[in-house]
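> The structure under discussion is supplied below as structure tokens; questions concerning it will follow.
The values are calculated or read from the model by the stated rules, or taken from the named source; none is laboratory data. Note that the coordinates shown come from a computational prediction; the quantities given were computed from them, not determined experimentally. A quick note on method: Cβ atoms are made from the backbone with ideal geometry, for glycine too, and the neighbour counts reach across all protein chains shown.
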Amino acid sequence: MERTNLGKEDCTMDFVMNPQVKSLKLARNGHLSNECLKKFASACPRLQVLDVSHCSAITEEGLAEVSKKCCEIRHLVVNQCDGMKNLGMESSLCKWEVLCAQRLGINDEALAVIGKRCCGLLHLDLEGCMNVTMRGVKEVVQNCRGLREINLKSCDNVNVDIVAWMVFTRPSLRKITPPPGFVPSESQRELFLHHGCLVCNG
């Protein structure tokens, strides 16, 4: 249901509950509102995959309601949701395993909440999150003990020293896309691979 102008008309129609629906891809629907998203969530209580990328009218309030109604979500994509500053999850535990939050306005405090509430996170994509620093990344890496992949590309305020720290602190990591300015030497790359982690070019 990408690019289908969802929400351009009033979202007043009745939604029939369908617990068989496990995946909703609603990306690039700029008029999709929190209210409309809540109706989708009520109709799909067993949702596991949700993609609302580029849905600029969605805020953390709408996402919080979805998290309450759809507690089985494992894979969440909220890339470039301009209306969202955090993920609205302060009061609930989440089963998210994959979180793609490229170019979101989230900060270190939001990352600290993610680390505490999403301990089962395996893949975290923070590309272009300009309000994130080394402090927030450390919160996630310390708390998400099974984390396997993290993307810090274009995170200009994350210190490059975080890369070696992550490799040696979180042995579950298998792939790191580092912040700008990190260029590993051949010996560093081999050392990281020896620890089971591929550090890509930023």
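Rundown of residues vs (1) basic (Lys, Arg); (2) over 30 Å from Ala27 (Cβ atoms), yes/no style:
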| site | (1), (2) |
| --- | --- |
| Cys118 | no, no |
| Leu122 | no, no |
| Glu149 | no, no |
| Lys153 | yes, no |
| Val163 | no, yes |
| Val167 | no, yes |
| Thr177 | no, no |
| Ser187 | no, yes |
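> Here is a check on your reading of the model: is Asn29 part of a loop (DSSP other than H, G, I, E, B), buried (at least 20 other Cβ atoms within 10 Å of the Cβ) and modelled with pLDDT of 80 or more?
Spelling it out, Asn29 is indeed part of a loop (DSSP other than H, G, I, E, B), buried (at least 20 other Cβ atoms within 10 Å of the Cβ) and modelled with pLDDT of 80 or more.
> Go through the range 153-202 and count every residue that is assigned to a helix (DSSP H, G or I) and acidic (Asp, Glu).
Number of matching residues: 2.
Results for (1) out of contact with any helix residue (DSSP H, G or I) (no Cβ under 7 Å at 6 or more places or on another chain); (2) hydroxyl-bearing (Ser, Thr, Tyr); (3) over 19 Å from Gln102 (Cβ atoms), shown as yes or no for each residue.
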| position | (1), (2), (3) |
| --- | --- |
| Asn151 | yes, no, no |
| Cys155 | yes, no, no |
| Val158 | no, no, no |
| Trp165 | yes, no, yes |
| Phe168 | yes, no, yes |
| His194 | yes, no, yes |
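> Next question. Residue under question is Glu35, and the condition is that it be in contact with a Cys (Cβ under 8 Å, 6 or more places away or on another chain) and surrounded by fewer than 20 Cβ atoms within 10 Å (Cβ to Cβ); does it hold? Steps first, answer last, please.
Details: in contact with a Cys (Cβ under 8 Å, 6 or more places away or on another chain): yes; surrounded by fewer than 20 Cβ atoms within 10 Å (Cβ to Cβ): yes.
It is true that Glu35 is in contact with a Cys (Cβ under 8 Å, 6 or more places away or on another chain) and surrounded by fewer than 20 Cβ atoms within 10 Å (Cβ to Cβ).
> Among the residues of the range 158-177, is any touching a residue at least 40 places away in the same chain (Cβ under 8 Å) and under 23 Å from the mean Cα position of the chain (by Cα)?
For the range 158-177, residues touching a residue at least 40 places away in the same chain (Cβ under 8 Å) and under 23 Å from the mean Cα position of the chain (by Cα): present.
> Just to check your reading of the model, which residue among Ile114, Ile106, Ile73, Ile58 is crowded, with 19+ Cβ neighbours inside 10 Å, touching a residue at least 12 places away in the same chain (Cβ under 8 Å), in a helix (DSSP H, G or I) and in contact with a helix residue (DSSP H, G or I) (Cβ under 9 Å, 6 or more places away or on another chain)?
Of Ile114, Ile106, Ile73, Ile58, the one residue that is crowded, with 19+ Cβ neighbours inside 10 Å, touching a residue at least 12 places away in the same chain (Cβ under 8 Å), in a helix (DSSP H, G or I) and in contact with a helix residue (DSSP H, G or I) (Cβ under 9 Å, 6 or more places away or on another chain) is Ile114.
> Suppose the filter is among the hydroxyl-bearing types (Ser, Thr, Tyr), surrounded by fewer than 20 Cβ atoms within 10 Å (Cβ to Cβ) and at pLDDT below 95; does Ser92 pass it?
yes
> Can you pull out the residues in the range 42-55 that are more than 15 Å from Gly105 (Cβ to Cβ), surrounded by fewer than 22 Cβ atoms within 10 Å (Cβ to Cβ) and either in contact (Cβ under 8 Å) with a residue 40 or more places away in the chain or not basic (Lys, Arg) (or both)?
Correct list: Ser42, Ala43, Pro45, Gln48, Val49, Asp51.
> Filter the range 120-131 for residues that are under 13 Å from the mean Cα position of the chain (by Cα), of a type in the set (A, V, I, L, M, F, W, C) and assigned to a loop (DSSP other than H, G, I, E, B) and give the result. If you could, list the steps in order and put the result at the bottom.
Taking the range 120-131 first, the residues under 13 Å from the mean Cα position of the chain (by Cα) are 120-129.
Add one more test, that the residue is of a type in the set (A, V, I, L, M, F, W, C), and what stays is 121-122, 124, 126, 129.
Listed by number, the residues that qualify are Leu121, Leu122, Leu126, Cys129.
> With the structure loaded, tell me whether Thr133 is over 23 Å from Leu191 (Cα atoms), in contact with a helix residue (DSSP H, G or I) (Cβ under 7 Å, 6 or more places away or on another chain), among the β-branched types (Val, Ile, Thr) and surrounded by fewer than 22 Cβ atoms within 10 Å (Cβ to Cβ) or whether it fails that test.
Numbers: over 23 Å from Leu191 (Cα atoms): yes; in contact with a helix residue (DSSP H, G or I) (Cβ under 7 Å, 6 or more places away or on another chain): yes; among the β-branched types (Val, Ile, Thr): yes; surrounded by fewer than 22 Cβ atoms within 10 Å (Cβ to Cβ): yes.
Criteria met by Thr133.
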